[in-house]
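S.K.: The structure's right below; bear with me while I get my questions together.
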Amino acid sequence: MIPSVETAGVPFLTTEQMVEVDRVMIEEYGIDLIRMMENAGRGLASLARWLFLDGDTASSAIVVMAGTGGNGGGALVAARWLHGAGADVTVLVTRTDESFGPIPREQLDIVRRMGIVVGSASDVGSLGDPDVVIDGLIGYSLRGEPRGDAAALIAWANASRAPVLSLDAPSGVDTTTGAVFDPAIMAAATMTLALPKQGLRAPGVARNVGDLYLADISVPPDLYQRSFGMTVGPLFAQSDVVRLV
C-alpha cells in the first residue's frame, strides 16, 4: 500500500524553482541528471505496477510516450524497468533520435538495444488498447500548446480506454500557472518529482492531474531551506513514492 501525506504540509514549487533545484543538484551536490532520471523512472514503473496492474506486470501491455527532454528520459527508464519485469512495452516518440537531448538519447539507445519496440504517432493505428499508457511527453519545459506528434499522441491517449499515468505533470498543463492547453492529457494519476508543482493545484486542473503522487529523486531536504527558505520534513520516510491527499 502506498502511504499518504497531507498536501497542506507540503510546499509547492514554481517551474523556475524546480529549474533551480535541478541546477543545485547537479552543480553543488554532484547528483547529476542521469541519477535523478533513473530514480524518477524506477518510481514511475513501480507506481504503474501497483496502481493499475495489481502488482504484476507479466504479460501486461504498456505504451510509453516519450518526448525529447528529461521528462521523456524518465519515461524511457520506466520502459526499461517494465520490460525487464515482463511487460509488453511499446515506446512512442515524438521526434527522431537526433532531436533528443544527450542523456535522454542515451536512454533511448538503451531501449533500442533491449529490443523494445520504438514507434511514432503514425503507428498508433496498429495498437490495440493497452493496459496502461505512460505520459512522458512534456514536463516543465512546456511552452504553449503541444503541437505535431506530441499533440497527436495526447489525443490518442485521451481517446484510449487505458488509464494514463503522467510523469511530473500531465502533458499540456503549465506547471506554474496550471493553464490547460489544447490538447492536454487527462491522466488517471500523476507522479510529480521532488516537490509538487504550483500548477498542479490550480483551480480546474484536478481533472487533468487525477490522483497526485510524489516521488523521491534524492533531493536533500536542506537544499530547499538553503535555496528558498522552505522547511521540508521527511516526506519519504515510509516510501519512495507517496500519495498527496
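The values are calculated or read from the model by the stated rules, or taken from the named source; none is laboratory data. Quick caveat, the model's predicted, so the values are computed rather than measured. Using ideal geometry, Cβ is built from the backbone for each residue, glycine included, and neighbour counts are taken over all protein chains shown.
S.K.: How many of the residues making up the stretch 113-147 are acidic (Asp, Glu), closer than 16 Å to Leu92 by Cβ and not in a helix (DSSP H, G or I)?
M.R.: 3
S.K.: Can you find, within the stretch 119-146, the residue that is farthest from Ala40 (Cα to Cα) among those that are among the aliphatic types (A, V, I, L, M) and surrounded by 19 or more Cβ atoms within 10 Å (Cβ to Cβ)?
M.R.: Per the stated criteria, the residue is Val124.
S.K.: Being surrounded by 16 or more Cβ atoms within 10 Å (Cβ to Cβ), under 20 Å from Pro3 (Cα atoms) and more than 15 Å from the chain's Cα centre (by Cα), is that true of even one residue in the stretch 216-226?
M.R.: Yes, there is a match, as at least one residue in the stretch 216-226 is surrounded by 16 or more Cβ atoms within 10 Å (Cβ to Cβ), under 20 Å from Pro3 (Cα atoms) and more than 15 Å from the chain's Cα centre (by Cα).
S.K.: Of the numbered conditions (1) hydroxyl-bearing (Ser, Thr, Tyr); (2) surrounded by fewer than 23 Cβ atoms within 10 Å (Cβ to Cβ); (3) under 21 Å from Thr68 (Cα atoms), Ser171 satisfies every one except a single condition; which is it?
M.R.: Going through (1) hydroxyl-bearing (Ser, Thr, Tyr); (2) surrounded by fewer than 23 Cβ atoms within 10 Å (Cβ to Cβ); (3) under 21 Å from Thr68 (Cα atoms) one by one, Ser171 breaks only (2).
S.K.: When only residues in the stretch 84-107 that are surrounded by 22 or more Cβ atoms within 10 Å (Cβ to Cβ) and not polar (S, T, N, Q) count, which is farthest from Phe52 (Cα to Cα)?
M.R.: Phe100
Residue by residue, here is whether (1) within 19 Å of Gly70 (Cα to Cα); (2) in contact with a Pro (Cβ under 6 Å, 6 or more places away or on another chain); (3) not small (Gly, Ala, Ser) holds:
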{"position": "Trp156", "(1), (2), (3)": "no, no, yes"}
{"position": "Phe181", "(1), (2), (3)": "no, no, yes"}
{"position": "Leu193", "(1), (2), (3)": "yes, no, yes"}
{"position": "Gly199", "(1), (2), (3)": "yes, no, no"}
{"position": "Ala202", "(1), (2), (3)": "no, no, no"}
{"position": "Gln225", "(1), (2), (3)": "no, no, yes"}
{"position": "Asp240", "(1), (2), (3)": "no, no, yes"}
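S.K.: Would you point out the residue of the stretch 54-82, among those that are hydrophobic (A, V, I, L, M, F, W, C) and surrounded by fewer than 24 Cβ atoms within 10 Å (Cβ to Cβ), that is farthest from Ala162 (Cα to Cα)?
M.R.: Trp81
S.K.: Out of the stretch 125-145, which residues are more than 20 Å from Leu76 (Cα to Cα) and touching a helix residue (DSSP H, G or I) at 6+ places or on another chain (Cβ under 8 Å)?
M.R.: Glu145
S.K.: Now for a separate question. For the stretch 86-110, enumerate the residues that are among the aliphatic types (A, V, I, L, M), in contact with a strand residue (DSSP E or B) (Cβ under 9 Å, 6 or more places away or on another chain) and either part of a strand (DSSP E or B) or more than 21 Å from Ile154 (Cβ to Cβ) (or both).
M.R.: Within the stretch 86-110, Ala87, Val89, Val91, Leu92, Val93 qualify.
S.K.: Would it be correct to say that Ala202 is crowded, with 17+ Cβ neighbours inside 10 Å and either within 22 Å of Ala79 (Cβ to Cβ) or under 18 Å from the mean Cα position of the chain (by Cα) (or both)?
M.R.: So Ala202 does not fit the description; no.
S.K.: Taking the residues in the stretch 17-31 that are of a type in the set (D, E, K, R) and surrounded by 13 or more Cβ atoms within 10 Å (Cβ to Cβ) as candidates, determine which candidate is farthest from Glu106 (Cα to Cα).
M.R.: The residue in question is Glu20.
S.K.: What pairs come up if the first residue lies in the stretch 94-117 and is touching a residue at least 40 places away in the same chain (Cβ under 8 Å), the second is aromatic (Phe, Trp, Tyr), and their beta carbons are under 9 Å apart, counting only those six or more places apart or on different chains?
M.R.: Glu106/Phe100; Gln107/Phe100; Leu108/Phe100
S.K.: Looking at this structure, is Val111 closer than 21 Å to Thr192 by Cα, among the β-branched types (Val, Ile, Thr) and at pLDDT 95 or above?
M.R.: Against the criterion (closer than 21 Å to Thr192 by Cα, among the β-branched types (Val, Ile, Thr) and at pLDDT 95 or above), Val111 does not qualify.
S.K.: In the stretch 194-224, what count of residues is obtained for those that are more than 14 Å from Pro170 (Cβ to Cβ) and touching a residue at least 60 places away in the same chain (Cβ under 8 Å)?
M.R.: Total satisfying the criteria: 12.
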